[in-house]
Amino acid sequence: MKVLKFGGTSVASAKNIRLVKDIVAKSKTERIIVVVSALGGITDLLLNTARLASQQNSDYKSILKEIEERHLNTVKELIPVQSQSGILSKVKSELNTLETLLEGAFLIGEITPKLSDKIVSYGELLSSYIISKYFQEQGVSTSYADSRELIKTNDTNGKAVVNFDKTNTNCSTFVDQTDTQVLVMAGFIASSDNGNLTTLGRGGSDYTAAIVAAAVNANILEIWTDVSGMYTANPKLVKQAKAIPQISYEEAMELSHFGAKVLYPPTIQPVLSKGIPICIKNTFEPKKEGTLITKNKNINGRTVRGITHIENIALLSLEGPGMVGIPGISKRFFEELSTSDISVVLITQASSEHSICVGISIYDVEKAVSTVNRAFAYEMEREKIKPIIAEMDLAIVALVGDNMKKHQGLSGKMFSTLGKNNVNIRAIAQGASERNISAVVNKNDVKKALNALHEAFFEENIKQLNLFVMGVGNVGSKFIAQLRQQKKYLKEQLKLNVRIIGISNSRTMAFDDNGIDLNNWESILKNGLKADKTNFFDTVQELNYRNSIFVDNTASEEVAATYNTYLANSISVVTCNKIACSSEYSNYSALKELARIYNAPFLFETNVGAGLPIIDTLKHLVASGDEILKIQAVLSGSLNFVFNNFNDKTTFHDVVKKAQKEGYTEPDPKIDLSGIDVMRKILILARESGKQLEIDAIENQSFLPKESLETNNNTDFFASLKKYEAEFQKIYAAAAAKDSKLKYVARFEEGKASVGLQEIPKGHDFYNLEGSDNIVLFYTKRYPDQPMIIKGAGAGADVTASGIFADIVRIGNF
Ligand code: ADP
Ligand code: ASP
Ligand code: MG
């Protein structure tokens, strides 16, 4: 004999009920008890009608109509016309009684727990009746068992306590006296000895099925639902969650107690004592293996078996100086809660005994606050205990697993994962069974917390990075192209799942929770919303993804001014925009400080030498205790390009024009030619070496005539270059005469920085610098005579994009 329970979604419509019949009909000979829930959503609707009627709000009538239509339509779709009438009239007559009950509640303007149970029972009464009739119509040998007669409880409405002796006898006798292969009965509902209708609590049909399975010594209890088993986390919130093939009763119980709604917590108790296995299966994918729950302990398996959450939690804190050293306060506190029927989900007590903090359902808060304030009124009047504080809008996330007690470091990993993702932890508790570690967090952080923890404990190898990219010009579009090309490699080789969730240029912005399709981003962006930096940030914050990274590919001052808001929300920043790091020292250091406090990397490798690992190397030198004595560098790919191409057969004007056209200069070439860009770069290197330097303190020996420097637009600038061609030729000739080449050199030594054009003789490290190459010589304590040299292409969209890429991979490994 086996017991099969079908949940609300499994019986939500005629179509689904047909699937249920197919599953039941698979068993040709073995006897089956089928326990069913109300049609999906009906229980909520019934409770709604009851609430509205008791508030004398006649809107309950339209909901009642909806309830009626759902049931009548289900009958019409399932039962052939010729057999419908009897069934329809029975359903209508039940609905009439329901209507009378609601009218009563409406007239009195009140609803008692007893009446509420009575009203809500119609969900299961009707579903079980319709399903049994449908089975019979389909030729399945079926009888109907009335749960009100079989399942006996005390008189507590809402969540009655089962009288197992009577219930077991009733069930086994009924089964013995019935000879059909299938028995259909309602879940959730029962009755007391006094004949009052009772219910077993929300989600209680699972429990009914377990009670019956134990009573008749079934060989298995199958829970058929809308997911393929008990998962490592709620699959509706964590896409990466996986079904757990096998799990112990104790672990399953802990998971369900801590929020894995797929199994109603009391369900395990009756079957556990008889050793009856539970199998959780998916009505819509019956071939999937599902989860088998047995007494077998998880001996060598995973430490953490699942991650759960409980919503709608409030924290109550009782505190005050009068609590220290006075015995019995906690006892009184808990007694008060318990006599008011308030269940405590989580307890923490500071060792100072100054405060006790409990997590309860938000629906119990009002009652709890008034009860406790009343009970401690005497102490509160004398200011020994403060009036109770209730913090709302919280949730509990918990790690659950049998083997957790044997392992150290799990809570550390849990809290650092949450911390890295800016999930504020309000309270912590470790279950006495040591089978769970729970944290109370803000309800808005639940999805992020679950996903981050799931990644840390179940996808050790794969880390998801969620990018929000601003700027899709030369560099940005190259970056996206590289990401598209490398996505597979990153996932397979580096175990990084890098997705672009948001994207913006100065005109539009677009977001996609599942990651923007990188083959189609241009049209997605074009058809996006109007771009707005504040809205962009708000959306990033609202989406609240783990491992979020803001990527700035612009050269905009306004965008640079938003980094602090990202960092202060634990969102990492990767940027090729030099403005922030070369602004006032106070701003640069404030950003670095935010990055440190909020555990959010702030990386700007591409600010100097595009993709060359200059800043990263410098950081490593400093971190390992080395000291920077001197930096000599050619840091402008643009100026290098210009002076490598300029000679007596060209004109300076034409070479600069060409450099601009080929993307080697900033849109405003004066920023490069004047040396400002190089100043910014050496400033950043000096700062990264540990020097508190401002840009004004850098000496700039500019080679540009004063008039060129003073121009305000590109046209005037280029005109001035033409005008002073002779000057430029003179500079070239002087260098050529000495067999030297012209290089724009940046220096940093003894705390001072300077930039300027220099004649570089043959044999010097800088002499053979080709194209747009950059070179940096680091003279340090460990490299005093022979410097550490980094050299290579230092400008161009492709290499800059690859530098951004490298920063993102660095964050991935963070
Ligand atoms: P039924 O109506 O069949 O009783 P429930 O809605 O009560 O179904 O339970 C199934 C739901 O439980 C799933 O749809 C899923 O959203 C939720 N759930 C929460 N945690 C888990 C988990 N760890 N594994 C599987 N499902 C879970
Ligand atoms: N129908 C009830 C509920 O929704 C019982 C159940 O489905 O398990 O809570
Ligand atoms: Mg359920």
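The values are calculated or read from the model by the stated rules, or taken from the named source; none is laboratory data. Note that the structure is predicted; figures quoted are calculated from it, not measured. Methodologically, a virtual Cβ is constructed for each residue, glycine included, from the backbone with ideal geometry; neighbour enumeration extends over all protein chains shown. Only protein heavy atoms, including side chains, enter the accessible area calculation; ligands, DNA and RNA are left aside. Shrake-Rupley method; radii C 1.70, N 1.55, O 1.52, S 1.80 Å.
Observations on the model:
- Residue selected from region 23-42 under the condition open to solvent by 10 Å² or more (accessible area, probe 1.4 Å) and under 16 Å from M185 (Cα atoms), by the criterion nearest to ligand 2 (Cβ to nearest atom): S37
- Tallying residues that are open to solvent by 30 Å² or more (accessible area, probe 1.4 Å) and not polar (S, T, N, Q) within region 208-240 yields 7.
- Of everything listed in (1) part of a loop (DSSP other than H, G, I, E, B); (2) open to solvent by 30 Å² or more (accessible area, probe 1.4 Å), the single unmet condition for A580 is (2).
- The residue pairs whose first member lies in region 603-630 and is in contact (Cβ under 8 Å) with a residue 12 or more places away in the chain and at negative phi, whose second member is among the aliphatic types (A, V, I, L, M) and assigned to a loop (DSSP other than H, G, I, E, B), and whose beta carbons are closer than 8 Å, counting only pairs six or more residues apart or on different chains, are F604/A580; V608/L635; I614/V608; I615/V608.
- Failed condition for L45, given (1) open to solvent by less than 20 Å² (accessible area, probe 1.4 Å); (2) away from ligand 3 (no atom under 16 Å from the Cβ); (3) closer than 23 Å to D206 by Cβ; (4) assigned to a helix (DSSP H, G or I): (1)
- Checking F468, F536 one by one, the residue that is outside any loop (DSSP other than H, G, I, E, B), modelled with pLDDT of 95 or more, surrounded by 14 or more Cβ atoms within 10 Å (Cβ to Cβ) and touching a helix residue (DSSP H, G or I) at 6+ places or on another chain (Cβ under 9 Å) is F468 and no other.
- Criterion violated by E522 - all others in (1) modelled with pLDDT of 95 or more; (2) within 15 Å of S572 (Cα to Cα); (3) open to solvent by 60 Å² or more (accessible area, probe 1.4 Å) satisfied: (2)
- Test: residue in region 248-266 that is open to solvent by 50 Å² or more (accessible area, probe 1.4 Å) and among the hydroxyl-bearing types (S, T, Y): no
- Checking every residue in region 204-212 against the condition of being touching a residue at least 60 places away in the same chain (Cβ under 8 Å), within 16 Å of ligand 3 (Cβ to nearest atom), assigned to a strand (DSSP E or B) and closer than 30 Å to L450 by Cβ gives zero matches.
- So V212, is it more than 11 Å from ligand 1 (Cβ to nearest atom), among the β-branched types (V, I, T) and touching a Phe, Trp or Tyr at 6+ places or on another chain (Cβ under 8 Å): no
- Qualifying residue in region 788-811 (condition: of a type in the set (S, T, N, Q) and closer than 16 Å to G637 by Cβ): yes
- Tally of residues being of a type in the set (D, E) and open to solvent by less than 70 Å² (accessible area, probe 1.4 Å) across region 766-791: 1
- Qualifying residue in region 249-268 (condition: within 17 Å of N296 (Cα to Cα), away from ligand 2 (no atom under 16 Å from the Cβ) and in contact with a Leu (Cβ under 6 Å, 6 or more places away or on another chain)): yes
- The lone exception for A243 - which of (1) open to solvent by 10 Å² or more (accessible area, probe 1.4 Å); (2) among the aliphatic types (A, V, I, L, M); (3) more than 11 Å from ligand 1 (Cβ to nearest atom) it fails: (3)
- Pairs with Cβ under 6 Å, 6+ apart, first in region 229-242 and farther than 14 Å from E455 by Cα and in contact (Cβ under 8 Å) with a residue 40 or more places away in the chain, second in a loop (DSSP other than H, G, I, E, B) and more than 9 Å from ligand 1 (Cβ to nearest atom): G229/G290
- Single residue of K90, K65 found to be free of Cβ contacts under 8 Å to residues at least 24 places away in the same chain and of a type in the set (K, R): K65
- Yes/no for N403 being modelled with pLDDT under 90, buried (at least 22 other Cβ atoms within 10 Å of the Cβ) and on the phi < 0 side of the Ramachandran plot: no
- Scanning region 206-229 for residues that are closer than 19 Å to F284 by Cα, within 15 Å of ligand 2 (Cβ to nearest atom) and not aromatic (F, W, Y) returns D206, L221, E222, I223, T225, D226, V227.
- Taken as a whole, the condition of being charged (D, E, K, R) and closer than 23 Å to R810 by Cβ applies to K495.
- Taken together, K722, K691 contain a single residue that is assigned to a loop (DSSP other than H, G, I, E, B), in contact with a Phe, Trp or Tyr (Cβ under 9 Å, 6 or more places away or on another chain) and open to solvent by 50 Å² or more (accessible area, probe 1.4 Å), which is K691.
- Check on L629, at pLDDT 95 or above and open to solvent by 50 Å² or more (accessible area, probe 1.4 Å): yes
- Residue match in region 1-13 (condition: in contact with a Phe, Trp or Tyr (Cβ under 7 Å, 6 or more places away or on another chain) and either open to solvent by 40 Å² or more (accessible area, probe 1.4 Å) or assigned to a helix (DSSP H, G or I) (or both)): yes
- Which numbered condition I342 fails, given (1) modelled with pLDDT of 90 or more; (2) of a type in the set (A, V, I, L, M); (3) not in a loop (DSSP other than H, G, I, E, B): (3)
For every residue, the table says whether it meets (1) part of a loop (DSSP other than H, G, I, E, B); (2) within 8 Å of ligand 1 (Cβ to nearest atom).
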position: L221; (1), (2): no, no
position: V227; (1), (2): yes, yes
position: G259; (1), (2): yes, yes
position: T267; (1), (2): no, no
position: V271; (1), (2): no, no
position: I276; (1), (2): yes, no
position: F284; (1), (2): yes, no
position: K288; (1), (2): yes, no
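- Boolean, V3 is within 16 Å of ligand 3 (Cβ to nearest atom) and touching a strand residue (DSSP E or B) at 6+ places or on another chain (Cβ under 9 Å): yes
- Checked against the criterion of being of a type in the set (S, T, Y), part of a strand (DSSP E or B) and surrounded by 16 or more Cβ atoms within 10 Å (Cβ to Cβ), region 730-737 has no qualifying residue.
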